[in-house]
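What follows draws every value from the coordinates through simple rules; no lab data is involved. Here the structure is a predicted model, which means the values were calculated and not measured. Please note: Cβ atoms are built from the backbone with ideal geometry, for glycine as well, and neighbour counts cover all protein chains shown.
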Amino acid sequence: MRKRAFLGVLIAATALPGLVLAHGPTRQKVTLTTEVAADPADVWAAIGDFQDMSWHPAVHASTGENGNDIDATRVLTLGAADGPTISEILYKFSDEKMSYSYRITDVKVEVLPVTNYSSHLTVKPRADGGSIVEWRGAFYRGYPNNDPPEELNDAAAIAAVTGVYQAGLDALTAKFGAPGS
């Protein structure tokens, strides 16, 4: 009887290879860093408040509740007062480690073409003085099924997140200066 069951599965697998080999999207990851001349405590003072993302040039306003407590929420308004929004929740925070982690709870894929997005922002000391700011995220593309439209595929998701991170890190480099400059 076991041979028949095995043969049945084997025949079905060879007859329907698309079903056996089909898969959905894979989790994408982006990590960007920048080095700045300022002391880590000064950089953390500028970016370490989950409720205040005014240091990022794309953020017009940031409102939220519960400060830096776990499960604190914030809503980022992008561009202008009537711009699109991104809702986020804080799930890790450490002043001592100068880091926090958060997830997006609501964003339209037309604004940021991702789903299931989580991110981590941290400030570390440089060996030669100054700071390293690291921003990393993990997410799925904005279209969860196979054959996504170009604006919602893996490349679009990676490019969008990379653009957000780079703009923020560039703003911090402009504010604090690059080491040795």
(request) Considering Cα pairs under 8 angstrom that are at least six residues apart, work out the relative contact order of the chain and quote it in whole percent. (result) 26
(request) Apply the membrane-span-like helix rule to the chain: whole DSSP H runs, Cα extent along the own long axis of at least 30 Å, mean Kyte-Doolittle hydropathy at least -1.0. List the helices found. (result) 154-176
(message) Under 10 Å, Cα contacts only: if you run a Gaussian network model on the chain, which one of ALA80, ALA61, ALA138 comes out with the highest mean-square fluctuation?
(response) ALA80
(request) Rank-order 139-146, 28-35, 65-72 by packing density, defined as the average count of other C-beta atoms within 10 Å over each peptide's residues, highest first. (result) 139-146, 28-35, 65-72
(request) For the chain, count all C-alpha to C-alpha pairs, find those more than 19 Å apart, and express that count as a whole percent of the total. (result) 64
(message) Please list 3J(HN,Hα) in residue order for segment 135-146, calculated via the Karplus relation 6.51 cos²θ - 1.76 cosθ + 1.60 where θ = phi - 60°; whole Hz, with x for glycine and proline.
(response) 10, 10, x, 9, 6, 10, 4, x, 10, x, 9, 5
(request) Taking a cut-off of 24 Å between Cα atoms, list the lysines near LYS124, but don't count ones fewer than 8 places away on the same chain. (result) LYS29, LYS92, LYS97, LYS175
